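The values are calculated or read from the model by the stated rules, or taken from the named source; none is laboratory data. None of the values given here were measured: they were computed from a predicted structure. As a convention, Cβ positions derive from the backbone with ideal geometry for all residues, glycine included, and neighbour counts pool all protein chains shown. Quick note on the areas: whole protein, heavy atoms, side chains included, nothing else; ligands and nucleic acids left out. Shrake-Rupley method; radii C 1.70, N 1.55, O 1.52, S 1.80 Å.
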Amino acid sequence: MIARRGIGALAGLLLGAQPGLSQAAFPVRAPRLIVPFTPGGAPDLVARILAEESGRRWPHAMVVESRPGAGGNIAAEAVARAAPDGHTLLLMSNNIVAVNPHMGHMAIDPLTDLAPVALLARSPLVFVVGAASPVRDIGGLVAQARAAPRALAYASAGNGSPHHLAMALLCQRAGVEMTHVPYRGTIPGLTDLMGGRVAAMASPFGTARPLIEEGKLRPIAAAAITRLPWLPDLHTVAESGLPGFDANTWLALAAPRGTPVPIIDALAELAMATMDTPRVREALDRGGNEVWAAPPEALGALWKSDHAEWGAVIREARITAD
């Protein structure tokens, strides 16, 4: 877990000390937790566990509301425009701040219209090739790409997806060119990878895991800065000759900008205490995800750094929205 500040026991928080705020305890009604994904998967799991835990701690439990569409922009805009009182929250992925602002029009500026609450979890990416591929590590893939510029094709789950951006970053850092082939989702890309129609893919580990275990895919490097706990012998890209390489996808909790600090702290306390339990760790582990909890300050810093770093990747690769 990332180092966190001492938030304190704020479950019984009263807002009377905050000028202009109600004397009533927070929450005064059931907060809405808006999730920009369809039900199922790690985001939905995290949202429902948070809602369940809030019901144990608060007089009004969170209500999970799925609002997918536009790469998460619909949900993000709804939260940004809500009253900044802690009763409308967003379970967001990093694309909201790191990718979408650089890929086309957003009706909001997520860096100024949303407030960071807590970092929750991450879904590590792994670089994989087909079982029949001669490539054994990331160096071998780079060597092939360097020997035949643009001859190798890589799959992604769509234009501007984490899969796409991780491979684009690899090409930029290694100084090679490969051809991007976007698919409508991870599974179709992995299917063609196993069939030898593309050479490589950056996939969420949880999706690729059963195919790796069945011997149908070969992992050649972890995309994160640290090794995967499920594959401790697999080197990271950073360890393989590209220091500092880090391509993570993460989940976090956000609120409308202007939400009072005591409410942000109460929400952060709930989120971090919920994530820091064996039950949550085991549930996420089954899907190839990790608890990655941190307080508002750390999440805010991550927002800014990811926004800048992925913006540079997107501009250099000339990635635009479909």
Q) Quick one: which of P134, P182, P162 is without any contact (Cβ under 8 Å) to a residue 24 or more places away in the chain, out of contact with any Asp or Glu (no Cβ under 6 Å at 6 or more places or on another chain) and open to solvent by 10 Å² or more (accessible area, probe 1.4 Å)? A) P134
Q | Number of positions in region 221-246 that are open to solvent by less than 10 Å² (accessible area, probe 1.4 Å) and either outside any strand (DSSP E or B) or of a type in the set (S, T, N, Q) (or both) | A | 6
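Of the residues A155, A168, which is in a helix (DSSP H, G or I), more than 23 Å from L119 (Cα to Cα) and small (G, A, S)?
Numbers: A155 fails: in a helix (DSSP H, G or I).
After applying the criteria, what remains is A168.
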Q: Only one of these is assigned to a strand (DSSP E or B) and not polar (S, T, N, Q): L141, L125. Name it.
A: L125
**Q.** Filter result (among the aliphatic types (A, V, I, L, M), at pLDDT 95 or above and either under 24 Å from M62 (Cα atoms) or surrounded by fewer than 16 Cβ atoms within 10 Å (Cβ to Cβ) (or both)) within region 299-322
**A.** L299, A301, A308, A312
Q: Could you look through region 70-105, keep only residues that are small (G, A, S), at pLDDT 95 or above and assigned to a helix (DSSP H, G or I), and pick out the one that is farthest from V261 (Cα to Cα)?
A: A98
Q.
Can you list residue pairs whose Cβ atoms sit under 7 Å apart, with the first residue in region 250-270 being among the charged types (D, E, K, R) and the second being surrounded by fewer than 22 Cβ atoms within 10 Å (Cβ to Cβ)? Count only pairs 6 or more apart in sequence or on different chains.
A. R257/P84; R257/T112; R257/D113; D265/I7; D265/L10; E269/I7; E269/L10
Q) Is it the case that R218 is closer than 21 Å to Y154 by Cα, at pLDDT 95 or above, among the charged types (D, E, K, R) and open to solvent by 20 Å² or more (accessible area, probe 1.4 Å)? A) yes
